[in-house]
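Participant: Sharing a structure below in C-alpha coordinates format, with a few things to ask.
The values are calculated or read from the model by the stated rules, or taken from the named source; none is laboratory data. What you see is a predicted model, and the numbers here were worked out from it, not measured in a lab. Quick reminder, even Gly has a Cβ in these numbers, built from the backbone with ideal geometry, and neighbours come from all protein chains shown.
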Amino acid sequence: MAIYTEEILEKFMSLSDKLATELNHFLKTITYENSGDLDTNLNEEERQKSISLMRVNASGEVSAQALYRGQAFFTKTPDVRKHLVKAGDEEFDHLVWCSKRLDELGGKKSVLDPFYYAGSFTLGSVAALIGDGTSLGFVEETEKQVVEHLRRHLKEMSPRDVESRKILEKMLEEEEIHGQEAKEHGSEELPPPVRGMMTATSKIMTTLSRYF
Ligand SMILES: [Fe+2]
Ligand SMILES: [Fe+2]
(Lines give C-alpha, C1' and ligand atoms only; values in the text may rest on other atoms or scores of the structure.)
(Ligands and ions follow the chains in the order given, each with its own letter.)
Protein backbone atom coordinates (compact mmCIF):
# COMPACT_ATOMS: atom_id res chain seq x y z
CA MET A 1 0.00 0.00 0.00
CA ALA A 2 2.81 2.38 1.02
CA ILE A 3 4.73 1.57 -2.16
CA TYR A 4 1.59 2.20 -4.22
CA THR A 5 1.06 5.61 -2.56
CA GLU A 6 4.70 6.50 -3.09
CA GLU A 7 4.40 5.62 -6.78
CA ILE A 8 1.33 7.85 -7.20
CA LEU A 9 3.09 10.67 -5.35
CA GLU A 10 6.16 10.30 -7.56
CA LYS A 11 4.03 10.41 -10.74
CA PHE A 12 2.17 13.44 -9.42
CA MET A 13 5.45 15.25 -8.61
CA SER A 14 6.87 14.48 -12.02
CA LEU A 15 3.69 15.72 -13.73
CA SER A 16 3.60 18.90 -11.66
CA ASP A 17 7.28 19.50 -12.54
CA LYS A 18 6.47 19.12 -16.22
CA LEU A 19 3.48 21.44 -15.95
CA ALA A 20 5.58 24.03 -14.11
CA THR A 21 8.18 23.87 -16.92
CA GLU A 22 5.46 24.43 -19.53
CA LEU A 23 3.94 27.33 -17.59
CA ASN A 24 7.39 28.83 -17.31
CA HIS A 25 7.92 28.48 -21.05
CA PHE A 26 4.53 30.06 -21.78
CA LEU A 27 5.33 33.07 -19.57
CA LYS A 28 8.85 33.42 -20.99
CA THR A 29 7.44 33.45 -24.53
CA ILE A 30 4.54 35.83 -24.15
CA THR A 31 6.32 38.31 -21.89
CA TYR A 32 9.55 38.34 -23.89
CA GLU A 33 10.75 41.90 -24.53
CA ASN A 34 13.87 42.86 -26.36
CA SER A 35 15.10 46.39 -26.84
CA GLY A 36 17.10 47.76 -29.75
CA ASP A 37 18.03 51.24 -30.96
CA LEU A 38 15.40 52.86 -33.15
CA ASP A 39 16.13 52.42 -36.86
CA THR A 40 15.64 55.77 -38.59
CA ASN A 41 16.86 54.77 -42.06
CA LEU A 42 13.43 53.86 -43.42
CA ASN A 43 10.67 56.22 -44.52
CA GLU A 44 7.32 56.09 -42.71
CA GLU A 45 5.60 53.86 -45.27
CA GLU A 46 8.46 51.33 -45.27
CA ARG A 47 8.63 51.36 -41.48
CA GLN A 48 4.88 50.74 -41.05
CA LYS A 49 4.97 47.94 -43.60
CA SER A 50 7.93 46.28 -41.84
CA ILE A 51 6.26 46.65 -38.44
CA SER A 52 3.12 44.85 -39.59
CA LEU A 53 5.11 42.07 -41.26
CA MET A 54 7.50 41.57 -38.34
CA ARG A 55 4.57 41.53 -35.88
CA VAL A 56 3.02 38.70 -37.91
CA ASN A 57 6.35 36.86 -37.87
CA ALA A 58 6.81 37.28 -34.12
CA SER A 59 3.31 35.84 -33.57
CA GLY A 60 4.15 33.01 -35.95
CA GLU A 61 7.18 32.18 -33.82
CA VAL A 62 5.09 32.24 -30.63
CA SER A 63 2.70 29.76 -32.27
CA ALA A 64 5.49 27.61 -33.70
CA GLN A 65 7.16 26.99 -30.41
CA ALA A 66 3.85 26.39 -28.62
CA LEU A 67 3.05 23.79 -31.25
CA TYR A 68 6.43 22.10 -30.69
CA ARG A 69 6.09 22.26 -26.88
CA GLY A 70 2.61 20.68 -27.03
CA GLN A 71 3.89 17.94 -29.32
CA ALA A 72 6.98 17.31 -27.19
CA PHE A 73 4.86 17.15 -24.03
CA PHE A 74 2.71 14.28 -25.29
CA THR A 75 5.00 12.26 -27.55
CA LYS A 76 6.09 8.93 -26.11
CA THR A 77 9.22 8.62 -28.28
CA PRO A 78 12.37 10.09 -26.66
CA ASP A 79 14.12 10.68 -29.99
CA VAL A 80 11.12 12.56 -31.41
CA ARG A 81 10.81 14.57 -28.19
CA LYS A 82 14.48 15.57 -28.41
CA HIS A 83 13.99 16.77 -31.98
CA LEU A 84 10.81 18.71 -31.11
CA VAL A 85 12.40 20.45 -28.12
CA LYS A 86 15.45 21.43 -30.20
CA ALA A 87 13.29 22.83 -33.01
CA GLY A 88 11.14 24.65 -30.42
CA ASP A 89 14.27 26.26 -28.96
CA GLU A 90 15.22 27.49 -32.43
CA GLU A 91 11.74 28.99 -32.79
CA PHE A 92 12.43 30.87 -29.56
CA ASP A 93 15.61 32.29 -31.15
CA HIS A 94 13.48 33.41 -34.10
CA LEU A 95 11.12 35.13 -31.69
CA VAL A 96 14.06 36.95 -30.08
CA TRP A 97 15.25 38.23 -33.49
CA CYS A 98 11.74 39.32 -34.58
CA SER A 99 11.00 40.96 -31.26
CA LYS A 100 14.28 42.93 -31.27
CA ARG A 101 13.69 44.06 -34.83
CA LEU A 102 10.13 45.06 -34.01
CA ASP A 103 11.46 47.23 -31.22
CA GLU A 104 14.05 48.85 -33.52
CA LEU A 105 11.23 49.67 -35.94
CA GLY A 106 9.19 51.20 -33.12
CA GLY A 107 6.49 48.51 -33.25
CA LYS A 108 4.79 46.32 -30.64
CA LYS A 109 4.15 42.59 -30.44
CA SER A 110 0.61 41.32 -31.02
CA VAL A 111 -1.78 41.43 -28.04
CA LEU A 112 -3.15 38.12 -29.29
CA ASP A 113 0.08 36.18 -28.65
CA PRO A 114 -1.14 34.46 -25.43
CA PHE A 115 -4.15 33.09 -27.36
CA TYR A 116 -1.95 31.91 -30.21
CA TYR A 117 0.29 30.13 -27.70
CA ALA A 118 -2.63 28.43 -25.95
CA GLY A 119 -4.31 27.44 -29.23
CA SER A 120 -1.13 26.11 -30.80
CA PHE A 121 -0.11 24.18 -27.67
CA THR A 122 -3.53 22.48 -27.71
CA LEU A 123 -3.21 21.69 -31.41
CA GLY A 124 0.29 20.25 -30.89
CA SER A 125 -0.97 18.14 -27.99
CA VAL A 126 -3.84 16.70 -30.04
CA ALA A 127 -1.50 15.91 -32.95
CA ALA A 128 0.94 14.15 -30.60
CA LEU A 129 -1.85 12.12 -28.99
CA ILE A 130 -2.92 10.88 -32.43
CA GLY A 131 0.63 9.63 -33.04
CA ASP A 132 4.16 10.61 -34.04
CA GLY A 133 3.52 10.21 -37.78
CA THR A 134 0.60 12.66 -37.72
CA SER A 135 2.40 14.97 -35.34
CA LEU A 136 5.48 15.14 -37.57
CA GLY A 137 3.26 15.44 -40.64
CA PHE A 138 1.78 18.47 -38.96
CA VAL A 139 5.28 19.92 -38.45
CA GLU A 140 6.24 19.27 -42.05
CA GLU A 141 3.08 20.95 -43.40
CA THR A 142 3.36 23.89 -40.97
CA GLU A 143 6.98 24.55 -41.88
CA LYS A 144 6.15 24.29 -45.58
CA GLN A 145 3.43 26.91 -45.18
CA VAL A 146 5.75 29.11 -43.09
CA VAL A 147 8.42 28.98 -45.81
CA GLU A 148 5.86 30.05 -48.45
CA HIS A 149 4.66 32.83 -46.18
CA LEU A 150 8.22 34.08 -45.51
CA ARG A 151 8.87 34.19 -49.25
CA ARG A 152 5.74 36.34 -49.68
CA HIS A 153 6.93 38.66 -46.90
CA LEU A 154 10.32 39.06 -48.57
CA LYS A 155 8.53 40.15 -51.75
CA GLU A 156 6.29 42.57 -49.86
CA MET A 157 8.96 44.13 -47.65
CA SER A 158 11.00 47.11 -48.80
CA PRO A 159 14.41 46.08 -50.22
CA ARG A 160 15.83 48.90 -48.08
CA ASP A 161 14.92 47.12 -44.84
CA VAL A 162 18.10 45.09 -44.96
CA GLU A 163 18.05 44.12 -41.26
CA SER A 164 14.54 42.62 -41.32
CA ARG A 165 15.29 40.84 -44.57
CA LYS A 166 18.40 39.21 -43.10
CA ILE A 167 16.26 37.85 -40.24
CA LEU A 168 13.58 36.50 -42.58
CA GLU A 169 16.16 34.85 -44.83
CA LYS A 170 17.85 33.12 -41.89
CA MET A 171 14.49 31.98 -40.54
CA LEU A 172 13.46 30.68 -43.94
CA GLU A 173 16.63 28.59 -44.08
CA GLU A 174 15.98 27.07 -40.63
CA GLU A 175 12.24 26.44 -41.24
CA GLU A 176 13.19 24.46 -44.35
CA ILE A 177 15.53 22.35 -42.20
CA HIS A 178 12.76 21.81 -39.58
CA GLY A 179 10.45 20.51 -42.32
CA GLN A 180 13.18 18.23 -43.65
CA GLU A 181 13.95 16.89 -40.16
CA ALA A 182 10.27 16.10 -39.56
CA LYS A 183 10.32 14.08 -42.78
CA GLU A 184 13.46 12.22 -41.67
CA HIS A 185 11.82 11.35 -38.33
CA GLY A 186 8.89 9.69 -40.15
CA SER A 187 6.21 12.29 -40.89
CA GLU A 188 2.98 11.12 -42.53
CA GLU A 189 1.17 13.16 -45.15
CA LEU A 190 -1.92 14.90 -43.78
CA PRO A 191 -5.29 14.59 -45.53
CA PRO A 192 -6.08 17.55 -47.87
CA PRO A 193 -8.99 18.87 -45.68
CA VAL A 194 -6.62 19.15 -42.67
CA ARG A 195 -4.04 20.95 -44.82
CA GLY A 196 -6.78 23.29 -46.05
CA MET A 197 -7.88 24.00 -42.49
CA MET A 198 -4.28 24.79 -41.50
CA THR A 199 -3.99 27.26 -44.40
CA ALA A 200 -7.27 28.94 -43.41
CA THR A 201 -6.24 29.19 -39.72
CA SER A 202 -2.86 30.67 -40.57
CA LYS A 203 -4.55 33.17 -42.93
CA ILE A 204 -6.80 34.37 -40.07
CA MET A 205 -3.87 34.60 -37.65
CA THR A 206 -1.56 36.45 -40.02
CA THR A 207 -4.33 38.93 -40.95
CA LEU A 208 -5.19 39.64 -37.30
CA SER A 209 -1.55 40.07 -36.24
CA ARG A 210 -0.94 42.70 -38.90
CA TYR A 211 -3.25 45.04 -37.02
CA PHE A 212 -3.45 43.91 -33.36
FE1 LIG B 1 10.60 29.91 -36.76
FE1 LIG C 1 10.46 26.12 -37.71
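Participant: Which members of the range 62-79 meet the condition of being touching a residue at least 60 places away in the same chain (Cβ under 8 Å) and within 16 Å of ligand 1 (Cβ to nearest atom)?
Facilitator: Ser63, Ala64, Leu67, Tyr68, Gln71
Participant: Given the criteria of a type in the set (D, E, K, R) and either within 14 Å of ligand 2 (Cβ to nearest atom) or surrounded by 14 or more Cβ atoms within 10 Å (Cβ to Cβ) (or both), does Lys155 qualify?
Facilitator: Here the answer is no, as Lys155 does not meet what is asked.
Participant: Hey, another quick one. Those residues that are among the polar types (S, T, N, Q), within 21 Å of Phe121 (Cα to Cα) and modelled with pLDDT of 80 or more, I need them from the range 19-44; list them, please.
Facilitator: Thr21, Asn24, Thr29
Participant: For the range 14-49, give me each residue that is in contact (Cβ under 8 Å) with a residue 60 or more places away in the chain, in a helix (DSSP H, G or I) and not charged (D, E, K, R).
Facilitator: Phe26, Thr29, Ile30
Participant: Out of curiosity, is Ala72 of a type in the set (A, V, I, L, M), farther than 17 Å from Lys166 by Cβ, away from ligand 2 (no atom under 12 Å from the Cβ) and crowded, with 22+ Cβ neighbours inside 10 Å?
Facilitator: Yes: the conditions hold for Ala72.
Participant: Residue check: is Phe12 over 28 Å from the mean Cα position of the chain (by Cα), within 30 Å of Tyr117 (Cα to Cα) and of a type in the set (A, V, I, L, M, F, W, C)?
Facilitator: Against the criterion (over 28 Å from the mean Cα position of the chain (by Cα), within 30 Å of Tyr117 (Cα to Cα) and of a type in the set (A, V, I, L, M, F, W, C)), Phe12 qualifies.
Participant: May I pose another question? Under 8 Å between Cβ atoms, at least 6 apart or on separate chains: pull out the pairs that start in the range 150-172 with a residue that is in contact (Cβ under 8 Å) with a residue 60 or more places away in the chain and end on any residue that is surrounded by fewer than 16 Cβ atoms within 10 Å (Cβ to Cβ) and of a type outside the set (Lys, Arg).
Facilitator: Between residues of the range 150-172 that are in contact (Cβ under 8 Å) with a residue 60 or more places away in the chain and residues that are surrounded by fewer than 16 Cβ atoms within 10 Å (Cβ to Cβ) and of a type outside the set (Lys, Arg), the close pairs are Arg160/Asn41; Leu168/Leu154.
Participant: Same structure, new question: Among the listed residues Leu27, Leu15, Leu19, identify the single one that is under 20 Å from Val111 (Cβ atoms) and either in contact with a Gly (Cβ under 6 Å, 6 or more places away or on another chain) or more than 16 Å from ligand 2 (Cβ to nearest atom) (or both).
Facilitator: Result: Leu27 is the single residue among Leu27, Leu15, Leu19 that is under 20 Å from Val111 (Cβ atoms) and either in contact with a Gly (Cβ under 6 Å, 6 or more places away or on another chain) or more than 16 Å from ligand 2 (Cβ to nearest atom) (or both).
So that you can scan it fast, the table gives a plain yes or no per residue for (1) more than 16 Å from ligand 2 (Cβ to nearest atom); (2) at pLDDT below 90:
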site	(1), (2)
Val111	yes, yes
Thr122	yes, no
Ser187	no, yes
Leu190	yes, yes
Met205	no, yes
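Participant: Further, regarding this structure: Could you grab me the full set of residues in the range 93-111 that are surrounded by fewer than 19 Cβ atoms within 10 Å (Cβ to Cβ) and within 23 Å of Ala72 (Cα to Cα)?
Facilitator: Answer for the range 93-111, where residues must be surrounded by fewer than 19 Cβ atoms within 10 Å (Cβ to Cβ) and within 23 Å of Ala72 (Cα to Cα): Asp93, Val96.
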